[in-house]
1. Using the basic label-point model (7 angstrom from Cα toward the beta carbon), what is the residue 177 to residue 349 distance in nanometres?
2. Using only Cα atoms, tell me the angle between helix 200-231 and the longest principal axis of the chain; keep it within 0 to 90° and round to the nearest 10.
3. State the three equivalent ellipsoid semi-axes of region 271-346, derived from the C-alpha gyration tensor as the square roots of 5 times its eigenvalues, in descending order and whole Å.
4. If you fit an axis through the alpha-carbon atoms of helix 23-38 and take the longest principal axis of the Cα set of the chain, what angle between them do you get, 0 to 90°, nearest 10?
5. In whole Å, how far is the Cα centre of region 353-367 from that of region 272-349?
6. 7 Å from Cα along Cα→Cβ at both residue 104 and residue 187: what's the point-to-point distance in nm?
7. Using the per-residue mean of other Cβ atoms lying within 10 Å as a proxy for protection, in what order, highest first, do the peptides 156-166, 289-299, 261-271 fall?
8. Binning at 5 angstrom from zero up to the longest distance, how are the C-alpha pair distances of region 125-184 distributed in percent?
């Protein structure tokens, strides 16, 4: 089955059938859930963790929480959903408005006490600003609220200033303009808790965001970045992820960069083949069993590369439909992960976190992508 071109897909999205084997009602339920969560500021998108002083954290409050990164990613997915709905529909208009609101929330959450943009837990002194959060903010600003994009320029310049010749970039933004005590705390945190070096999936998101924002200005940087990401592809065609659970999301971020830039076609083909090959017997994706989250992310990643086919979608869509809860959501399964002991290379255990709202958004997007291909 030939995949539709982008122009064909956009045209088809405006003239979809009213019902496709329960898919439309599932999408409607998911959108309704997201809109209900939005009324309260997506409370389940707030990641809460405890960082005890006895473990070495010099914090005023051991309990830390933040929703900035999750809501930046969520705003981007809401825009995808709006684009896949009928453009003039009330739902699409509402979702675009929510994405603009999320962009304003992210802009207002920029760090005021430190240079570097955004930190996953902004009140944790040992945690520096990071390029994953910066890239998520830049992506949302570029798509929904360009007036905020200037907030990203100083940290982008700092990141590129410290980039290696091969395109490798450190996850943590340690801007020398910060106060010495802040730099000491952040460097101590990197050395003791978080670990040093580039994280491949984070590099992929950052360079993809630069390409989206201003491909002409950053084309050379993005080309080197794509080559760096491709060079770290695993033997089976996947990419490992430091901060995300399982191989699907990290592989999807790498494929998104390679496809956007048109770089490294051989690596792109191997990554697509990995995703196609790693589908479980029941048609879904997951580390040890099928999950709605991994299935939705795999559908998105394959669509990014124009590699969705009817034989893949038929079973995969059914896995999503049968796992939807009555309130329109899907069960949150691990998305973020944190390996405790990573910095010392003695991983003691892995902490995970997931969000029902994010899982729901990923699943609604996947269903709409499937409907775009005429799946029944």
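Computed from the coordinates by the stated procedures, all read-outs in this text should not be read as laboratory data. Since this is a predicted model, take the numbers as computed values, not measurements. In this analysis, Cβ positions are derived from the backbone assuming ideal geometry, glycine residues included, and neighbour counts consider all displayed protein chains.
1. 4.2 nm
2. Value to nearest ten degrees: 80.
3. Equivalent-ellipsoid dimensions as semi-axes: 25, 18, 11 Å.
4. Roughly 30 degrees between the two axes.
5. That distance is 11 Å.
6. Modelled inter-label distance: 4.1 nm.
7. 289-299, 261-271, 156-166
8. 4, 17, 24, 23, 18, 11, 3, 0
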